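The block underneath contains the structure these notes are about, expressed in structure tokens.
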Amino acid sequence: MDIAVKKQTDVSVKQAANAPKNPTSWIIAIASIVLIGGALFLYSRVSWQQALLYVLGAFGGFVLYQAHFGFTSAWRKFILYRQGEGIRAQMILMLVASIFFLPLLLKGTIFGHAVAGNVHDVGISVIVGAFIFGIGMQLGDGCASGTLYHIGGGDTNGIVTLIGFIAGSVIATTHFDFWMNTPHLAPISLIHQFGAFGGFLLQLALLALVYYIVTVIEKRRHGKLISTKIENKNGWKVIYKGPWSLLVGALLLAVMNALVLMVNGKPWGITSAFALWGAKFVQLFGVDPTEWAYWQDPAKLNALKSPLYQDTTTVMDISLMFGALLAAAFAGRYAKPIQWRRPSRMTIGALIGGLMMGYGARLAFGCNIGAYFSGIASFSVHGWIWFVFAFLGSLIGVKLRPYCAYKN
């Protein structure tokens, strides 16, 4: 063999041996083991319902990633570019979920247990909390569901946001009683206030109004509706490799939330777990959260005294991240190295954004999932109030994003 050729061959072999291996298969295996093992553990230690909710959480994370179904980015695109595809998808999401929720809420029971929607007080705390959350979701570059599925998708910025989220949640619980004593109205349900038919028609009218306004504004700016083109390069494998359209994501998430309502007796939520995690953490340092008004509620106090795996929201949050991890691995996200280095301004922005979202979510009885999605699907006026003031907060948050080194 020619010496030059031999040397070149040896170099190629060494380079191949030293080249970083694609971790995708390992990530798929690990995520699958955690999801299957976790479901079996919860089935044996808690209940089949808890195991099923764990699976549903993973399904939600998988859908969010493959459909890139974002609340934060959808609002930002409309604010900056008057592109309303994401908001229209959210209105469809709400409509389909409302159709599924309506008979369940009217009946009040299923599978032998009570069923109730996320219907909360309407007042100063919701307005302030939603407004703060709206600013924070843009600074943190993701809402509650977005933060979790971004982490699963390999976005290290989401980790910083989550830390801030947890801290902000704990801070809010320390003077929760102050906000609960601010002026407010009792919970208002459209279907209880106007009847099933009237409430549903009013809900439909509100959803259609938002859809129409967004469409008109977009057409005035662009002369047509701007839609994201989905290129299917995976053939039938698109089922698990993605990407999926926003419409598919909306339909699947609506079904998922309806199943959560049926199994758990209440709709999907995310951020209450962050307050619980934070409270558990400060207990390690001798702090007693039970002295705070937030934990005087018997259900919350019981969650604080129980193992985390008994908390429904916790297990769904964890499985959501692993569901997104699995989706990202199937989509080839981890064929490329994770970017750990971030501008300092972005890190600070994510931390502040997380703090604001954690604080705001406790005041407003939920986040983009618990208050906005599940709240509106439950025909709660508080869900619509949350939407309005969180969007107003996002107007400010979008203006602040350049200071945090975000490109858009």
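General remarks:
- The residue that is farthest from residue 346 (Cα to Cα), among those in segment 152-166 that are open to solvent by less than 30 Å² (accessible area, probe 1.4 Å) and in a helix (DSSP H, G or I), is 152.
- Some residue of segment 306-324 being within 13 Å of residue 155 (Cβ to Cβ) and either of a type in the set (Asp, Glu) or assigned to a helix (DSSP H, G or I) (or both): yes
- Any hit, segment 382-390, residues being open to solvent by 20 Å² or more (accessible area, probe 1.4 Å), over 30 Å from residue 45 (Cβ atoms), in contact (Cβ under 8 Å) with a residue 24 or more places away in the chain and in contact with a strand residue (DSSP E or B) (Cβ under 6 Å, 6 or more places away or on another chain): yes
- Residue 405 under 18 Å from residue 72 (Cα atoms), in contact with a Lys or Arg (Cβ under 8 Å, 6 or more places away or on another chain) and surrounded by fewer than 24 Cβ atoms within 10 Å (Cβ to Cβ): yes
- Just one of (1) surrounded by 15 or more Cβ atoms within 10 Å (Cβ to Cβ); (2) closer than 22 Å to residue 54 by Cα fails for residue 299. It is (1).
- Which numbered condition residue 227 misses (of (1) part of a helix (DSSP H, G or I); (2) farther than 27 Å from residue 360 by Cα; (3) within 24 Å of the chain's Cα centre (by Cα)): (1)
- Residue tally, condition loosely packed, with under 15 Cβ neighbours inside 10 Å, in a strand (DSSP E or B) and in contact (Cβ under 8 Å) with a residue 12 or more places away in the chain, over segment 109-136: 3
- Candidate set: segment 86-132, residues that are in contact with a strand residue (DSSP E or B) (Cβ under 9 Å, 6 or more places away or on another chain) and of a type in the set (S, T, N, Q); chosen: the one farthest from residue 263 (Cα to Cα): 125
- Residues located in segment 281-296, provided they are surrounded by fewer than 17 Cβ atoms within 10 Å (Cβ to Cβ) and either in a helix (DSSP H, G or I) or under 22 Å from the mean Cα position of the chain (by Cα) (or both): 281, 282, 283, 290, 291, 293, 296
- Residue within segment 167-190 that is of a type in the set (Gly, Ala, Ser), closer than 22 Å to residue 92 by Cβ, open to solvent by less than 60 Å² (accessible area, probe 1.4 Å) and assigned to a helix (DSSP H, G or I) present: no
- Residue 261 passes every criterion in (1) free of Cβ contacts under 8 Å to residues at least 24 places away in the same chain; (2) assigned to a helix (DSSP H, G or I) apart from (1).
- Candidates 371, 390, 361 - the one that is in a helix (DSSP H, G or I), touching a helix residue (DSSP H, G or I) at 6+ places or on another chain (Cβ under 7 Å) and farther than 20 Å from residue 117 by Cα: 390
- Helices (runs of 4 or more DSSP H) contained in segment 1-73 and holding at least 2 residues modelled with pLDDT of 95 or more: 24-45, 48-66
- Considering (1) touching a helix residue (DSSP H, G or I) at 6+ places or on another chain (Cβ under 6 Å); (2) of a type outside the set (Lys, Arg); (3) farther than 30 Å from residue 280 by Cα; (4) at pLDDT 95 or above, the lone condition that residue 232 does not fulfil carries the number (4).
- So residue 400, is it part of a helix (DSSP H, G or I), open to solvent by 50 Å² or more (accessible area, probe 1.4 Å) and in contact (Cβ under 8 Å) with a residue 12 or more places away in the chain: yes
- Residue 101 vs. criteria open to solvent by 30 Å² or more (accessible area, probe 1.4 Å) and part of a helix (DSSP H, G or I): no
- Pick from segment 211-244, criterion open to solvent by 60 Å² or more (accessible area, probe 1.4 Å) and polar (S, T, N, Q), ranking: nearest to residue 323 (Cα to Cα): 232
- Hey, residue 255 surrounded by fewer than 22 Cβ atoms within 10 Å (Cβ to Cβ), aliphatic (A, V, I, L, M), more than 23 Å from the chain's Cα centre (by Cα) and in a helix (DSSP H, G or I) or not: no
The values are calculated or read from the model by the stated rules, or taken from the named source; none is laboratory data. All figures in this text were calculated on a predicted structure; none of them were measured in a lab. Here Cβ is always computed from backbone atoms with ideal geometry, including for glycine, and neighbour counts include all displayed protein chains. For accessibility, only protein heavy atoms count, side chains too; no ligands or nucleic acids. Shrake-Rupley method; radii C 1.70, N 1.55, O 1.52, S 1.80 Å.
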